[in-house]
Amino acid sequence: AKQAGRAQSCFYQPKMHERVVQRVYFETSLREALSKEQFSLHYQPQFDVNKKLVGVEALIRWNHPENGLVPPGEFIPFAEESKLIIKIGEWVLMKACQVKADWLKHDAFRDINMSINVSALQFSQDNFVEQVRHALDQSGVNPNTIELELTESMLVNDQDDVIRKMQSLKALGVLISLDDFGTGYSSLSYLTRLPIDQLKIDQSFVSSFSEGSRESTIAASIINIGHNLNMEVIAEGVEQQSQFEWLKSQGCDLFQGYGLARPMPEEDLLSLLSQ
Ligand code: C2E
Ligand code: CA
Ligand code: CA
Ligand code: CA
């Protein structure tokens with residue numbers, strides 16, 4: 001946390017850097033980060049109702065040579081703006097599939113799903129489905145254990161194109177999750193037309209939870225919508241036991257959050273699983 005704080009104060013000093021200068025600086029160092037392999041993945045466990053570890057979400061980290069570990073919230077927006085997110089996303093996809101394929105060596109990891117974040121810009125590329133096919137082929141991973149996390153922001157564009165792409169992805173065998181669910185602006189009607197396997201309740205409805213609050217009502221409604229449409233529902237941002245218990249009582253299927261496990265490097269995950 002200390003390192004992240006240091007990185008923040010280096011990057012956001014408005015007096016030192018005009019925004020344009022900052023953007024150019026960021027673009028240059030992001031390109032370098034790609035070519036010098038300064039990115040890595042951390043993994044945050046996902047648990048079922050019995051607190052059995054059943055999946056992980058891959059979360060990108062940037063190990064900046066001078067600024068230490070930079071959290072994605074600080075560079076993803078620049079990566080989107082500069083379109084470098086397309087290349088970064090390709091790297092994440094390939095890396096996560098390779099790592100997941102490697103885990104087949106560990107018996108305890110056989111049934112664990114790997115969730116991978118996909119940015120709207122990456123998804124909108126004409127060759128996105130090809131990218132996924134390539135990562136699956138190269139790694140030899142079982143597609144049924146790969147879950148792509150898409151967001152509602154991808155659905156506002158050309159709906160026919162989105163439907164076609166999702167169907168092609170399903171044909172490859174991967175699972176599709178809708179991330180940050182409940183925060184977008186699109187209509188609910190698309191839920192019935194898209195091949196979505198999982199809804200991920202946004203953490204804003206979970207972290208500010210207290211029983212009887214508006215947030216908890218929304219969370220419970222999302223669980224109902226998901227189940228009525230035969231989708232699995234996962235809650236993110238679960239920090240307290242009371243949140244876990246309440247979401248469980250509402251029928252939520254899966255749980256992710258600091259209260260259960262934080263994102264961690266691969267070594268830590270391996271030792272957690274071999275306990
Ligand atoms: P996200 O996809 O919603 O990921 C969940 C974020 O919430 C992660 O932050 C995670 O560390 C954090 N989190 C997990 N449990 C808790 C909790 O109990 N309380 C709180 N307050 N936070 C929790 P992180 O790793 O900093 O990532 C932030 C965002 O950056 C992600 O949000 C995602 O939008 C983006 N991101 C991360 N990795 C990638 C990637 O590989 N590709 C793309 N396109 N975006 C990524
Ligand atoms: Ca996510
Ligand atoms: Ca999310
Ligand atoms: Ca989010």
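The values are calculated or read from the model by the stated rules, or taken from the named source; none is laboratory data. This one's a predicted model, so the numbers in the text were calculated from it and none came from an experiment. A quick note on method: Cβ atoms are made from the backbone with ideal geometry, for glycine too, and the neighbour counts reach across all protein chains shown. The protein model used for the area step is the full one, side chains on, heavy atoms only, and it has no ligands, DNA or RNA in it. Shrake-Rupley method; radii C 1.70, N 1.55, O 1.52, S 1.80 Å.
Values for this structure:
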{"read-out": "Any hit, the range 240-254, residues being open to solvent by 10 Å² or more (accessible area, probe 1.4 Å), of a type in the set (D, E, K, R), out of contact with any Pro (no Cβ under 6 Å at 6 or more places or on another chain) and within 14 Å of ligand 2 (Cβ to nearest atom)", "value": "no"}
{"read-out": "Count - residues of the range 14-69 that are buried (at least 17 other Cβ atoms within 10 Å of the Cβ) and either at pLDDT below 90 or small (Gly, Ala, Ser) (or both)", "value": "6"}
{"read-out": "Filter result (in a loop (DSSP other than H, G, I, E, B) and either open to solvent by less than 60 Å² (accessible area, probe 1.4 Å) or touching a residue at least 60 places away in the same chain (Cβ under 8 Å) (or both)) within the range 80-117", "value": "Ser82, Leu84, His106, Ile112"}
{"read-out": "Qualifying positions in the range 46-60 - of a type outside the set (A, V, I, L, M, F, W, C), in contact with a helix residue (DSSP H, G or I) (Cβ under 9 Å, 6 or more places away or on another chain) and within 16 Å of ligand 4 (Cβ to nearest atom)", "value": "none"}
{"read-out": "Any hit, the range 147-169, residues being crowded, with 19+ Cβ neighbours inside 10 Å and in a loop (DSSP other than H, G, I, E, B)", "value": "no"}
{"read-out": "Qualifying residue in the range 118-128 (condition: of a type outside the set (D, E, K, R), farther than 26 Å from Ala79 by Cα, away from ligand 1 (no atom under 13 Å from the Cβ) and open to solvent by 60 Å² or more (accessible area, probe 1.4 Å))", "value": "no"}
{"read-out": "Among the residues listed as Ala220, Ala235, Ala261, the single one being within 16 Å of ligand 4 (Cβ to nearest atom) and surrounded by 16 or more Cβ atoms within 10 Å (Cβ to Cβ)", "value": "Ala235"}
{"read-out": "Residue in the range 202-214 that is in a strand (DSSP E or B), crowded, with 18+ Cβ neighbours inside 10 Å, more than 13 Å from ligand 2 (Cβ to nearest atom) and within 21 Å of the chain's Cα centre (by Cα) present", "value": "no"}
{"read-out": "Test set (1) free of Cβ contacts under 8 Å to residues at least 40 places away in the same chain; (2) in a loop (DSSP other than H, G, I, E, B); (3) closer than 30 Å to Leu41 by Cα; (4) not aromatic (Phe, Trp, Tyr) - Ala219 fails condition number", "value": "(2)"}
{"read-out": "Qualifying residue in the range 137-156 (condition: at pLDDT below 95, within 21 Å of Ser187 (Cα to Cα), more than 16 Å from ligand 2 (Cβ to nearest atom) and β-branched (Val, Ile, Thr))", "value": "yes"}
{"read-out": "Filter result (within 23 Å of Arg133 (Cα to Cα) and within 16 Å of ligand 1 (Cβ to nearest atom)) within the range 172-195", "value": "Val174, Leu175, Ile176, Ser177, Leu178, Asp179"}
{"read-out": "Qualifying residue in the range 81-95 (condition: in contact with a Pro (Cβ under 8 Å, 6 or more places away or on another chain) and under 20 Å from Ile116 (Cβ atoms))", "value": "no"}
